[in-house]
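The values are calculated or read from the model by the stated rules, or taken from the named source; none is laboratory data. Values in this document were obtained by computation on a predicted structure and should not be read as measured data. Here Cβ is always computed from backbone atoms with ideal geometry, including for glycine, and neighbour counts include all displayed protein chains. The accessibility values were calculated without ligands, DNA or RNA, using every heavy atom of the protein model including side chains. Shrake-Rupley method; radii C 1.70, N 1.55, O 1.52, S 1.80 Å.
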Amino acid sequence: MGATDGDVEYDNLLTHVLVNGLGFGALSTALPVNVPPLYLYAATFVVLDFGVVNTYFHVFTGRSHGFVQNPFSLAIPAAVLIAAAGVRYMTATYRQALDQMDLRRRSDRAEHPSYAGFEISRRTRATFYIVVLGGYYLYIVGIIGLSSYVETFGVVSTAAFAGVIYPLGYVPIAVDFVMQFASIQFVLPVQLTKIRPTPAFLDPRNLGGFYPIGELFKRTYYVYTAGLLLYLVYIYGPPLTGLGTAAVSRVGTVEAGFFTALWLLGLVAVGSSMFTVHRLMASEKDSHLSQLEQQLHDIVTNPYDISSAKLHDNPEVEQIQRRIEQVRSMREYPTTVNTSLQLLVSLLAPEVINLLLNSVS
């Protein structure tokens, strides 16, 4: 598959280009402590936002610091830092899961994709980045209104936010986060169906050796859910507590609808990944049962006459029967019952919270 350490593992990320292009890779190497370049990159834009621009905003314009004006605005830098950590976590975790799956030994396919083959390409990420950035500017101009935005933040702060912090910092991190999540939930299951790894029927969990994949789907959705919950804090915190006065941080149909769209994306993603792997596991299970059934028929003289078939004191028949039971006991989903219940609750909880908060705000 390739190496899993060093900068090579992040070559496919959009932020990898920006991190190294802006010198954060070299800065990380020069530091006396080991800080991943992506963390330095994310932290720099957070400090630029809340430490520099908002301080200028507070001291020189007569307007309040973003945190003073709306304490819940801290959800934005928190989401950026969590997204940066999530990108690294998802990248490392999905590769660990692939290594644990031992695909080369479990598949007779001549070629297996590299790690990058399980990810959305950088070109697609760049295209999505342009679309998201266009949506961001459309939101400022068409929804909030450019004049209202400038009135709220001032000319200098608006230029910093719309020209540097969001397009170069926050948006690329968010794009890579969504792309890594989509890679795990959509691309990886499809690639597995092409490789068709043989189930590990001796797996003590009876999950066919697909447990690492099921855990990967669950854990990456938990990271995604953390981002959804921070979004809820940002849009519902001010109206529910009265602490936020910024005009931008209001709750409306657009904000609530955008959250529902993000939630539905996560729901569809996890549902799709689980269903795809389920079909793969069920297909492989049926295929192996059919093979064992044929072997049993080849051994027994008259397999359709149970009254005359000699099943006892026949080591070969007993061996095949044990194998049939072992194959039959394998679950057809890559998760345990408890994990499935936990995932179901985490899938429903964000939208339930959204609806409850929207009803009382």
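So, with a 1.4 angstrom probe, what is the percent of accessible area on the range 14-359 that is carbon and sulfur?
63
Any idea what the relative contact order of the range 14-359 is, in percent, if you count C-alpha pairs under 8 Å spaced at least 6 apart?
21
Give me the 1.4 Å probe accessible area per residue for the range 14-359, excluding ligands and nucleic acids, in Å².
Accessible surface, normalised per residue, equals 49 Å².
Find which of 202, 116, 317 sits farthest along the positive direction of the dipole of the chain, computed with +1 on the beta-carbon of Lys and Arg, -1 on that of Asp and Glu, about the Cα centre.
116
For the chain, modelled as a GNM with alpha-carbon contacts under 10 angstrom, which of 96, 291, 185 fluctuates the most?
Greatest mean-square fluctuation among the candidates belongs to 291.
Rank these by accessible area, largest first, 1.4 Å probe: 225, 301, 124. Could you put the intermediate results ahead of the total?
Details: 225 20, 301 145, 124 70 Å².
Output order, biggest surface exposure first: 301, 124, 225.
Run through the range 82-165 and list the trypsin sites (Lys or Arg not before Pro) located in a DSSP loop whose Cβ has at most 13 other Cβ atoms within 10 Å.
109
Can you tell me how much longer the chain between residue 39 and residue 229 gets when fully stretched, taken as 0.36 nm per residue apart minus their C-alpha distance, in nm with one decimal? Mind dumping the intermediate values first?
On the way: separation 190, 0.36 × 190 = 68.40 nm, distance 2.13 nm.
Extra length available between residue 39 and residue 229 comes to 66.3 nm.
Among 266, 227, 135, whose mean-square fluctuation peaks in a Gaussian network model of the chain (Cα, cutoff 10 Å)?
The residue with the greatest mean-square fluctuation here is 135.
At R0 = 51 Å, how high is the FRET efficiency between residue 22 and residue 322 if r is their beta carbon distance? Nearest 0.05 is fine.
Details: r = 61 Å, r/R0 = 1.19.
The pair residue 22/residue 322 has a calculated efficiency of 0.25.
So what's the angle, to the nearest 10 degrees on a 0 to 90 scale, between helix 75-101 and the longest Cα principal axis of the chain?
20
For percent of Cα pairs over 32 Å apart, several values are listed as (i) 29; (ii) 41; (iii) 45; flag the one computed from this structure.
Of the labelled values, this structure produces (iii).
State the extension gain, in nm to one decimal, for the chain segment bounded by residue 106 and residue 337, taking 0.36 nm per residue of separation less the distance between their alpha-carbons.
My answer for the length gained is 80.7 nm.
Using a Gaussian network model of the chain with C-alpha springs under 10 Å, which one of 275, 60, 210 is most mobile by mean-square fluctuation?
60
Can you give the FRET efficiency to the nearest 0.05 for residue 253 and residue 222, using r as the Cβ-Cβ distance and R₀ = 22 Å?
Given R0 = 22 Å and the Cβ-Cβ separation, E is 0.20.
Using unit Cβ charges (K, R positive; D, E negative) and no other charged atoms, how large, in debye to the nearest 20, is the dipole of the chain about its Cα centre?
Numbers: 23 positive and 26 negative charges, 107 e Å.
Using Cβ point charges on Lys, Arg, Asp and Glu, the chain gives about 520 debye.
Taking R0 as 51 Å, what's the FRET efficiency between residue 29 and residue 264 from their Cβ-Cβ distance, rounded to 0.05?
E between residue 29 and residue 264, to the nearest 0.05, is 0.80.
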